[in-house]
There are 4 protein chains.
Amino acid sequence: MKAIKDSVHGHVRLGDVAAELVDTPAFQRLRHIKQLSTVRLVYPSANHTRFEHSLGVYHLARRAVDGLGVDDDTAAHVRAAAMLHDVGHGPYGHQTEGIIRRATGRDHDDVGWLLTDADREVCQVLERNGLDPERVAALIDGEGALGPLVSGELDVDRMDYLVRDAHHTGVPYGTVDTGRLVTELRLIGGDEAGASADLVLDEGNVATAESLLVARSLMNAVVYRHHVSRVAGAMLERACERYLDRTDADAESFRRMADHDLLVELRDRVPALGERIERRDLYKRAVWAELDEVPTGTVDAGRPEERAAEREIADDVGIDRDAVIVDIPSRPALKESGSAVVVDGVPQRLEDASELVTGLRAAERRRWTLGVYCPAEHVDAVGTAAREVLGLRATGRPPA
Amino acid sequence: MKAIKDSVHGHVRLGDVAAELVDTPAFQRLRHIKQLSTVRLVYPSANHTRFEHSLGVYHLARRAVDGLGVDDDTAAHVRAAAMLHDVGHGPYGHQTEGIIRRATGRDHDDVGWLLTDADREVCQVLERNGLDPERVAALIDGEGALGPLVSGELDVDRMDYLVRDAHHTGVPYGTVDTGRLVTELRLIGGDEAGASADLVLDEGNVATAESLLVARSLMNAVVYRHHVSRVAGAMLERACERYLDRTDADAESFRRMADHDLLVELRDRVPALGERIERRDLYKRAVWAELDEVPTGTVDAGRPEERAAEREIADDVGIDRDAVIVDIPSRPALKESGSAVVVDGVPQRLEDASELVTGLRAAERRRWTLGVYCPAEHVDAVGTAAREVLGLRATGRPPA
Amino acid sequence: MKAIKDSVHGHVRLGDVAAELVDTPAFQRLRHIKQLSTVRLVYPSANHTRFEHSLGVYHLARRAVDGLGVDDDTAAHVRAAAMLHDVGHGPYGHQTEGIIRRATGRDHDDVGWLLTDADREVCQVLERNGLDPERVAALIDGEGALGPLVSGELDVDRMDYLVRDAHHTGVPYGTVDTGRLVTELRLIGGDEAGASADLVLDEGNVATAESLLVARSLMNAVVYRHHVSRVAGAMLERACERYLDRTDADAESFRRMADHDLLVELRDRVPALGERIERRDLYKRAVWAELDEVPTGTVDAGRPEERAAEREIADDVGIDRDAVIVDIPSRPALKESGSAVVVDGVPQRLEDASELVTGLRAAERRRWTLGVYCPAEHVDAVGTAAREVLGLRATGRPPA
Amino acid sequence: MKAIKDSVHGHVRLGDVAAELVDTPAFQRLRHIKQLSTVRLVYPSANHTRFEHSLGVYHLARRAVDGLGVDDDTAAHVRAAAMLHDVGHGPYGHQTEGIIRRATGRDHDDVGWLLTDADREVCQVLERNGLDPERVAALIDGEGALGPLVSGELDVDRMDYLVRDAHHTGVPYGTVDTGRLVTELRLIGGDEAGASADLVLDEGNVATAESLLVARSLMNAVVYRHHVSRVAGAMLERACERYLDRTDADAESFRRMADHDLLVELRDRVPALGERIERRDLYKRAVWAELDEVPTGTVDAGRPEERAAEREIADDVGIDRDAVIVDIPSRPALKESGSAVVVDGVPQRLEDASELVTGLRAAERRRWTLGVYCPAEHVDAVGTAAREVLGLRATGRPPA
């Protein structure tokens, strides 16, 4: 077995199929897609990529399926899905996901088209090794009894990224007992191929499952939703929209770019934003509003309403429309809460077995924040106009 | 400065007073008091002692006072208190605390008597260096504006032990950003010596404070209250009571023992229990009941009622009275929830600033468990008798 | 499989035999034998025991035999030998090894007698599981093709202790790529049971093997031979000799003691030394001489000559004979240098493949030091007398 | 003080000048220069950049000058030099250093021109804070008593990169006790500003200094000179030469590129090599020869002779000249060996105090390797032609 040294898991040993998949252009491209896009502007050590993350997810999936007692063919498909689960990402990963979805109608998890059409080499490797690309794609999409292991509430993707992101940012909150989690997963019900079975954590693991939620909640607070990263991310997204407007780049070519391509293109073609991103000369927060300040209609605004609000604010202040960015996150959610854990012999949803989930939900709600960003010199004017346009309620709190 | 290598903090540099205190017999004795008493029977790497923990607490206190802007004299007293905060512990630390309290009326934090009377060398070092032993003792007892730094809800004691216990057990849940916590503490209000000021965490640290609660909650679940450690701890406590009954050892000599003294004495003088502890040949759980199974009166039973119940159960089954141990923990609490954190410029209690606290409280409630332990061969009989004697309610749950 | 959490390897999973062996009194006793005896007086975090070390050695042995392709029966014997390799140790491990050897003629590796006679429970577990105690004992003694895996120049014992001792002291020098070492071992030549085969490191591992030597050399310099640990160790050894002289304890009972027994006995029966050890009130160095200062006859002196010199020095100064300790280490050696490594397809001895070995040998020579220790108040007088009695050569160097 | 989270040092606290320097474009550009250029093609986690490395070097320099007792002004210059020591690097760091030196006559350490001319913002920050850019530049160049702290044999640059590279590759060999090293440095002789003083390691640190050499030797073997990284590096260098030949890019613009610029330019303008680098579709080794196989003249060949040999080999085989790369490293050296360490009160060169240095020198010699690389399909033909052209001696060894 070929072994690749990994800073998180020590050595990742690759089986034959994995070793062939690593060498495909689609997988090598992941070396050039950073795992945490703009987070590195806050945590400078966070330069890790989806390449090593994908190897880590493969590693955990391999250990998990070893303990599940599924047949060899099923196990091979799960391992391939774990390896390939991120090949559908555009440049800067989740940051461009919305743009690509709006332009192509497809999410990064929706890789069926990719595996059966565009990336011939990945398909050829799979087929040459007796694997069905469609079945791999379905697993990546979370389908079937074992789909949730690859893409679900307790998936190996999350286990790897929480630990890896903590290691690379240097933040101590993302630590999860992956060694325990992967060996405590069980398939209950269903037939030998795992059809219609349910993936659950075995007895005695409520705290293990909670630790995963807690890690994600704390990582959300201090890493994933850090305001500097959000500002940079919003600028990047805006720059990408302008880039697609101004050039004849089609959405599919855009999706296939790597980070370095996009960074160069944005700097050269959308310099007003691209140069700022490259030099970390970022917009500042004109508004930073919590959930109780924001009218329901604004919380649930779609992209068109956001863009309309931006134009109105910019026009009110009399500045360029690209100088105002409104950033409204989706409503807070806590996906892992539906994970199944066996308690006293009976599989339960984690949210029923753990009162902690309620607290974490409330914490997520509290951390939800709407932002409006603009160049430093317009912060006051934009702040006033934006509170008016977005209908924000006054609070007694001092500004952030 | 003398530096001592520490597995958690790298190097702990000792000032002159600290270097003298280290060499006193009272402090050297801490080398022989394990930090986690019986937890090592579950986590075999957890052999760390109150000696290195005390150095770690001193290290964090020194960094914290550096940033608080207090005068040198106050700072010196705080550092001495941090060093000495555990010298009042009996053998096996918290495990013998109840016995010593019942026999002497004093807690381990109540070290005034110790500093001014019994341990002449510690007193002499303090006085020779211009420090007031009474003032040091008051800080250890949590008094004054800076007492909470040594013994309070966000104290450096807790910061050190959570990280150290995680490091030595190998469990990933106790990780706390101590580097951030100690530099974000502020004294607000009060005069230069810190009198009547309040110790708070500065703006932007709700998640930092939450991480401490979360760490403790998860450590409680998987480490501090692991059932094997609780069984061994209950056996140890029972053996100590027998030892004090059967020998002419007075409570003060008992308190001054080290772990190795106690281990040898219990094996030689109370062999029925002492030999079992030494060989990890432990009692088993006959009952393991959650809060909703236990009548209020039983939850709040004191030591005399516990002992009466044990006798009744043993007599019902017809076995030796030392063969039954009833272990009723105190009601679940979450002390850190009253910590003060600045939010939007205003100091708030953490429980008011963080919805997570509610969830953690509920989790602590759920994890509360009453245990009854006995030799393996009597588990069934003792279980039946105990449920009857303690008035436990039937649940639909299968036995643990 | 039962899993035990370990601070170094994460989880150690125990097979059925290992799980039974853990519960024997002989193995549980290892919880009470510290891995580094007196080193904890310098590195206070170094309280780890031979219990968790033995589990770690078992863990590495299991991974190594998985890759060697030996038959199941052989593998089972190797795993049992790895588990049990340290059960022959006396209290304080290597520190009492010389005393026990002189009294009984047996080393700690010489466990044949133990497995077939004294410790019935270990034998019973082995035989009940179809294992031959004599064969296990032979492996512990380093015999046969696989003996070197348990006790040899590249054994799993060393791999575990270097990493574990570094982790617990907090020193960064002991880090060895155990994950790579255990998967790169090969058996070449010989038959299926591994008879007359040779254990070698596969091609491309000269640097991996060197890292083990380097780690041990640096750990020797800063941990294992730290002068404070050596002073305490010499005092302990002297105290043990007095204890055996003064009491009717026989050598075998002595060997079966645990650390806590010995600490209490020495304090109570040999208080002049025992109380000092317990309180870390240690002798000081009166002489600290390098190899080029010491006449050949003195370097190679045996225990009787050392004792004669001590008496002569003490009498010259006019103090109690127990107040002078002469500590002459054996000549420097570098055992790993004979390990076999495949280079360009041919197995070679590491010392032939690596020029680094020569440098490490010279470094070991340089670090060799003879010590003479006594109470602080006699340092000058003892120093002068000792240099005379031992025939030390003058150097231009200032005293240590 | 502003604090930046770092995966190696925990928190790096920035003084006022440092906080201003961080925001200059010249420093922000370091976010886009990877620390280990092509090593990431072997160790996929090694994506760290010169940005966080520079912060780490600043952090260590600040701790070192705190203990040296120099005046505030000197300390401020040293800290600024530590921050800025890498701003002179071209894209891919050391990989393009030779090209830039040949084109401009300047090394990356030679930043005088940069600080006083091209990068106005860095100069302005320095001057605004009362610092002399020329003096900072001289320190970066290793001049004066404190120059060796920034750029010398025991500099903070090396201390940081060894630990950081080990952390990010996941290799355990680069661990150095930086905490001890920076507090054990002393200035001896000289005046208060440190003029004509010597930087030495204090008594008792031979092993500490050796650990740095050992770490570098092992990191050289398994990381820095891994053959895959060397092949990719040689391809990159060749591609850069072609790029400068084929485009009108001047050397100074080339030097100012970031990694992403270069990657895009090489792919677009030198696709035969650039596309291969991007996809990790690398040349293979046709020759891999040790020092004793290579004639002296070839070992000491300059770039022109290398290029002539490449042309001759390519023409012999009848393939494109860019398809053959000859890679002859400079003669092995061990720079740290001249570091000064105090032994028995006298400063000595480490190579005189440590016999280990001799062993490490020999190990470096052994690891020296000449490589010839080409596309996989020409490996045999190129190998034969290259051994002939380069006059390599036959050995009995099998090919690599």
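The values are calculated or read from the model by the stated rules, or taken from the named source; none is laboratory data. The structure displayed is predicted, hence computed values, not measured ones. Counting neighbours? That spans all protein chains shown, and the Cβs are built from the backbone with ideal geometry, glycine included.
To keep it simple, each residue is scored yes or no on (1) touching a residue at least 60 places away in the same chain (Cβ under 8 Å); (2) under 24 Å from the mean Cα position of the chain (by Cα); (3) crowded, with 17+ Cβ neighbours inside 10 Å.
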residue	(1), (2), (3)
B:GLY345	yes, no, no
B:ARG349	no, yes, no
B:LEU356	yes, yes, yes
B:TYR373	yes, yes, yes
B:VAL379	yes, no, yes
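Given the condition within 12 Å of chain D (Cβ to nearest Cβ), assigned to a helix (DSSP H, G or I) and in contact with an Asp or Glu (Cβ under 8 Å, 6 or more places away or on another chain), answer yes or no: does some residue in the range C:327-337 qualify?
Scanning the range C:327-337, I find at least one residue that is within 12 Å of chain D (Cβ to nearest Cβ), assigned to a helix (DSSP H, G or I) and in contact with an Asp or Glu (Cβ under 8 Å, 6 or more places away or on another chain), so the answer is yes.
Taking D:GLY98, is it within 14 Å of chain A (Cβ to nearest Cβ) and assigned to a helix (DSSP H, G or I)?
On the way: within 14 Å of chain A (Cβ to nearest Cβ): no; assigned to a helix (DSSP H, G or I): yes.
Considered against the rule, which asks whether it is within 14 Å of chain A (Cβ to nearest Cβ) and assigned to a helix (DSSP H, G or I), D:GLY98 comes out as no.
So which of B:GLU275, B:GLU293 ends up being at negative phi and touching a residue at least 12 places away in the same chain (Cβ under 8 Å)?
B:GLU293
If the requirement is being within 29 Å of A:TRP288 (Cα to Cα) and either more than 10 Å from every other protein chain (Cβ to nearest Cβ) or within 23 Å of the chain's Cα centre (by Cα) (or both), which of these qualifies: B:LEU266, B:LEU199, B:LEU218?
Answer to the check: B:LEU199.
Which residues, counting only those in the range C:43-89, are assigned to a helix (DSSP H, G or I), more than 14 Å from chain B (Cβ to nearest Cβ) and β-branched (Val, Ile, Thr)? Full working, then the answer.
Just the residues of the range C:43-89 that are assigned to a helix (DSSP H, G or I), to begin with: C:50-68, C:72-84.
Narrowing further to those that are more than 14 Å from chain B (Cβ to nearest Cβ): C:60-68, C:72-82, C:84.
Within the range C:43-89, C:VAL65, C:THR74, C:VAL78 meet the criteria.
Output the number of residues of the range A:250-264 satisfying the condition of being more than 15 Å from D:LEU262 (Cβ to Cβ) and not polar (S, T, N, Q). Break it down stepwise before answering.
To start, the set of residues in the range A:250-264 that are more than 15 Å from D:LEU262 (Cβ to Cβ) comprises A:250-257, A:262.
Next cut, not polar (S, T, N, Q) only: A:250-252, A:254-257, A:262.
Looking only at that region, the number is 8.
Out of all the residues in the range D:19-30, is one or more surrounded by 24 or more Cβ atoms within 10 Å (Cβ to Cβ), of a type outside the set (D, E, K, R), within 11 Å of chain A (Cβ to nearest Cβ) and under 30 Å from A:ALA3 (Cβ atoms)?
Within the range D:19-30, not a single residue is surrounded by 24 or more Cβ atoms within 10 Å (Cβ to Cβ), of a type outside the set (D, E, K, R), within 11 Å of chain A (Cβ to nearest Cβ) and under 30 Å from A:ALA3 (Cβ atoms).
For C:ARG158, state whether it is within 16 Å of C:LEU68 (Cβ to Cβ), assigned by TED's automatic domain parsing to the domain that holds C:GLY90 and at pLDDT 90 or above.
Values: within 16 Å of C:LEU68 (Cβ to Cβ): no; assigned by TED's automatic domain parsing to the domain that holds C:GLY90: yes; at pLDDT 90 or above: yes.
For C:ARG158, the condition - within 16 Å of C:LEU68 (Cβ to Cβ), assigned by TED's automatic domain parsing to the domain that holds C:GLY90 and at pLDDT 90 or above - is not met.
Which ones in the range C:148-189 are in a helix (DSSP H, G or I), under 20 Å from the mean Cα position of the chain (by Cα) and more than 14 Å from chain B (Cβ to nearest Cβ)?
Hits for the range C:148-189 are C:PRO148, C:LEU149, C:VAL150, C:VAL156, C:ASP157, C:ARG158, C:MET159, C:LEU162, C:THR178.
Could you tell me whether D:SER330 is among the hydroxyl-bearing types (Ser, Thr, Tyr) and in contact (Cβ under 8 Å) with a residue 12 or more places away in the chain?
Working: among the hydroxyl-bearing types (Ser, Thr, Tyr): yes; in contact (Cβ under 8 Å) with a residue 12 or more places away in the chain: no.
So D:SER330 does not fit the description; no.
Checking the conditions here, which among A:GLY396, A:GLY345 is within 13 Å of another protein chain (Cβ to nearest Cβ), farther than 24 Å from A:ASP157 by Cα and modelled with pLDDT under 85?
A:GLY396
Could you list all residues from the range C:1-58 that are charged (D, E, K, R) and either closer than 24 Å to C:GLU237 by Cβ or touching a Ser or Thr at 6+ places or on another chain (Cβ under 8 Å) (or both)?
Across the range C:1-58, the qualifying residues are C:LYS5, C:ASP6, C:ARG29, C:ARG31, C:LYS34, C:ARG40, C:ARG50, C:GLU52.
Name every residue in the range D:101-116 that is in a loop (DSSP other than H, G, I, E, B) and either closer than 15 Å to D:MET257 by Cα or of a type outside the set (Gly, Ala, Ser) (or both), in order of residue number. Walk me through how you get there before you give the answer.
Within the range D:101-116, the subset in a loop (DSSP other than H, G, I, E, B) is D:105-111.
If the condition is that a residue be in a loop (DSSP other than H, G, I, E, B) and either closer than 15 Å to D:MET257 by Cα or of a type outside the set (Gly, Ala, Ser) (or both), then D:ARG106, D:ASP107, D:HIS108, D:ASP109, D:ASP110, D:VAL111 are the ones that fit.
Which one is nearest to D:ARG158 (Cα to Cα), of the residues in the range D:1-18 that are without any contact (Cβ under 8 Å) to a residue 12 or more places away in the chain and more than 8 Å from chain A (Cβ to nearest Cβ)? Give the steps one after another, and end with the answer.
Taking the range D:1-18 and keeping what is without any contact (Cβ under 8 Å) to a residue 12 or more places away in the chain, we get D:3, D:5, D:10-11.
Those left that are additionally more than 8 Å from chain A (Cβ to nearest Cβ): D:3, D:11.
Details: D:ALA3: 23, D:HIS11: 19 Å.
If we take residues in the range D:1-18 being without any contact (Cβ under 8 Å) to a residue 12 or more places away in the chain and more than 8 Å from chain A (Cβ to nearest Cβ), then D:HIS11 is nearest to D:ARG158 (Cα to Cα).
How do the pairs read when you match residues in the range C:131-149 that are more than 20 Å from C:ASP66 (Cα to Cα) and in the same structural domain as C:ARG120 (by TED's automatic domain parsing) with residues anywhere that are in a helix (DSSP H, G or I) and among the β-branched types (Val, Ile, Thr), using Cβ under 7 Å and keeping only pairs 6 or more apart or on different chains?
From the range C:131-149, the pairs are C:PRO133/C:THR116; C:GLU134/C:THR116.
Looking only at the range A:88-136, which residues are small (Gly, Ala, Ser) and surrounded by fewer than 22 Cβ atoms within 10 Å (Cβ to Cβ)?
Of the residues in the range A:88-136, the ones small (Gly, Ala, Ser) are A:88, A:90, A:93, A:98, A:103, A:105, A:112, A:118, A:130.
If the condition is that a residue be small (Gly, Ala, Ser) and surrounded by fewer than 22 Cβ atoms within 10 Å (Cβ to Cβ), then A:GLY93, A:GLY98, A:ALA103, A:GLY105, A:GLY112, A:ALA118, A:GLY130 are the ones that fit.
For the range B:182-209, which residues satisfy the criterion of being at pLDDT 85 or above and of a type in the set (D, E, K, R)?
Within the range B:182-209, B:GLU184, B:ARG186, B:ASP198, B:ASP202, B:GLU203 qualify.
Look through C:ASP315, C:ASP292, C:ASP322, C:ASP352 and report the one residue that is in a helix (DSSP H, G or I), within 14 Å of chain D (Cβ to nearest Cβ) and more than 30 Å from C:THR183 (Cβ to Cβ). Reasoning before the result, please.
Details: C:ASP315 fails: within 14 Å of chain D (Cβ to nearest Cβ); C:ASP322 fails: within 14 Å of chain D (Cβ to nearest Cβ); C:ASP352 fails: more than 30 Å from C:THR183 (Cβ to Cβ).
Going through C:ASP315, C:ASP292, C:ASP322, C:ASP352 in turn, the sole match is C:ASP292.
Could you pull out the residue among D:ALA46, D:ALA75 that is farther than 24 Å from D:ARG279 by Cα and in the same structural domain as D:VAL222 (by TED's automatic domain parsing)? Spell out the reasoning first.
Details: D:ALA46 fails: farther than 24 Å from D:ARG279 by Cα.
The conditions single out D:ALA75.
Does the range A:243-255 hold any residues that are basic (Lys, Arg) and either surrounded by fewer than 17 Cβ atoms within 10 Å (Cβ to Cβ) or under 23 Å from D:PRO91 (Cβ atoms) (or both), and which are they? Give the steps one after another, and end with the answer.
To start, the set of residues in the range A:243-255 that are basic (Lys, Arg) comprises A:246, A:255.
The one that is basic (Lys, Arg) and either surrounded by fewer than 17 Cβ atoms within 10 Å (Cβ to Cβ) or under 23 Å from D:PRO91 (Cβ atoms) (or both): A:ARG246.
Which numbered condition in (1) modelled with pLDDT of 95 or more; (2) of a type in the set (Lys, Arg); (3) loosely packed, with under 13 Cβ neighbours inside 10 Å is the only one that C:ARG387 fails?
Of everything listed in (1) modelled with pLDDT of 95 or more; (2) of a type in the set (Lys, Arg); (3) loosely packed, with under 13 Cβ neighbours inside 10 Å, C:ARG387 misses just condition (3).
Sort out which residues of the range A:31-42 are surrounded by 21 or more Cβ atoms within 10 Å (Cβ to Cβ), more than 9 Å from every other protein chain (Cβ to nearest Cβ) and part of a helix (DSSP H, G or I), and write them in order of number.
A:THR38, A:VAL39
One residue is enough: does the range B:296-306 have a residue meeting the conditions touching a Phe, Trp or Tyr at 6+ places or on another chain (Cβ under 9 Å) and either within 14 Å of chain C (Cβ to nearest Cβ) or not in a helix (DSSP H, G or I) (or both)? It would help to see each step written out before you state the result.
Our first condition is that a residue be touching a Phe, Trp or Tyr at 6+ places or on another chain (Cβ under 9 Å); within the range B:296-306, this holds for B:299.
Filter once more, so that each one left must be either within 14 Å of chain C (Cβ to nearest Cβ) or not in a helix (DSSP H, G or I) (or both): none.
Checking the range B:296-306: not a single residue is touching a Phe, Trp or Tyr at 6+ places or on another chain (Cβ under 9 Å) and either within 14 Å of chain C (Cβ to nearest Cβ) or not in a helix (DSSP H, G or I) (or both).
Suppose the filter is within 14 Å of chain B (Cβ to nearest Cβ) and under 17 Å from the mean Cα position of the chain (by Cα); does C:ASP141 pass it? So that I can check it myself, show each step before the final result.
Numbers: within 14 Å of chain B (Cβ to nearest Cβ): no; under 17 Å from the mean Cα position of the chain (by Cα): yes.
For C:ASP141, the condition - within 14 Å of chain B (Cβ to nearest Cβ) and under 17 Å from the mean Cα position of the chain (by Cα) - is not met.
Conditions tested, residue by residue: (1) farther than 30 Å from C:ALA215 by Cβ; (2) touching a residue at least 60 places away in the same chain (Cβ under 8 Å); (3) within 14 Å of chain C (Cβ to nearest Cβ); (4) among the small types (Gly, Ala, Ser).
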residue	(1), (2), (3), (4)
D:ALA209	no, yes, yes, yes
D:TYR224	no, yes, yes, no
D:HIS227	no, yes, yes, no
D:ALA234	yes, yes, no, yes
D:GLU237	yes, yes, no, no
D:CYS240	yes, yes, no, no
D:ASP245	yes, no, no, no
D:ASP250	yes, no, no, no
D:PHE254	yes, yes, no, no
